[in-house]
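The values are calculated or read from the model by the stated rules, or taken from the named source; none is laboratory data. Quantities reported herein were computed from a predicted structural model and do not represent experimental measurements. Cβ atoms come from the backbone with ideal geometry, glycine included; neighbour counts cover every protein chain shown. Areas reflect the complete protein model, heavy atoms only, side chains present, ligands, DNA and RNA absent. Shrake-Rupley method; radii C 1.70, N 1.55, O 1.52, S 1.80 Å.
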Amino acid sequence: MEQGDWIMAYWLFKSEPSTWSWDDQVAKGDQGEEWDGVRNYQARNFMREMKIGDLGFFYHSQKEKAIVGVVEVIAEAHPDSTTDDARWECVDIKAVRPVQTPVTLEMVKSDERLSEMALVKSSRLSVQPVRPNEWAIICDMAGIPSG
């Protein structure tokens, strides 16, 4: 690969809809919003790996437990504005599209092809990587294009 070549990565961002919902994310438009307040080192480290243009699933946790939209990373890791603690960083994301069919955690767990997915293995982690094959499978389940 040439220097500067970049391979898109895929992610999953979990949010409690009562705190920050898909509708809240959509309302921010192209300016997007910081994915702030993450206080888990592994989740923070995943955000440090993100590049502008990476895509992610927006997942409603709590009762709904479903992927409800697709977001795009629009700013790489920077200090989290909700704390003065320099250990915590976040990315900015914007809404790209809703899914046609929400993909529930139950649907993910029942699909053998997704048995190794972080959502199944590390379900409590608020920011997670998604493998390209998992991305394609879930996009198909959600009724949206994978590209």
Quick check: is even one residue across the range 124-133 in contact with an Asp or Glu (Cβ under 7 Å, 6 or more places away or on another chain), under 26 Å from A77 (Cα atoms), surrounded by 13 or more Cβ atoms within 10 Å (Cβ to Cβ) and of a type outside the set (V, I, T)?
no
Go through V103, V120 for me and flag whichever is under 16 Å from I67 (Cα atoms) and outside any strand (DSSP E or B).
V120
Only one of (1) over 25 Å from I144 (Cα atoms); (2) free of Cβ contacts under 8 Å to residues at least 60 places away in the same chain; (3) not polar (S, T, N, Q) is not met by V120, so which one is it?
(1)
Considering only the range 8-27, I want to know if a residue exists there that is open to solvent by less than 80 Å² (accessible area, probe 1.4 Å), outside any loop (DSSP other than H, G, I, E, B) and polar (S, T, N, Q).
yes
For the list (1) out of contact with any Lys or Arg (no Cβ under 7 Å at 6 or more places or on another chain); (2) of a type outside the set (V, I, T); (3) in contact (Cβ under 8 Å) with a residue 24 or more places away in the chain; (4) surrounded by fewer than 20 Cβ atoms within 10 Å (Cβ to Cβ), I need the number of the one condition that L114 fails.
(4)
Out of the range 28-79, which residues are open to solvent by less than 40 Å² (accessible area, probe 1.4 Å) and outside any strand (DSSP E or B)?
G29, G32, W35, V38, A43, R44, F46, M47, M50, G53, D54, S61
Out of all the residues in the range 59-67, is one or more touching a His at 6+ places or on another chain (Cβ under 7 Å) and either acidic (D, E) or modelled with pLDDT of 95 or more (or both)?
yes
Filtering the range 134-147 down to residues that are acidic (D, E) and open to solvent by less than 50 Å² (accessible area, probe 1.4 Å) yields E134
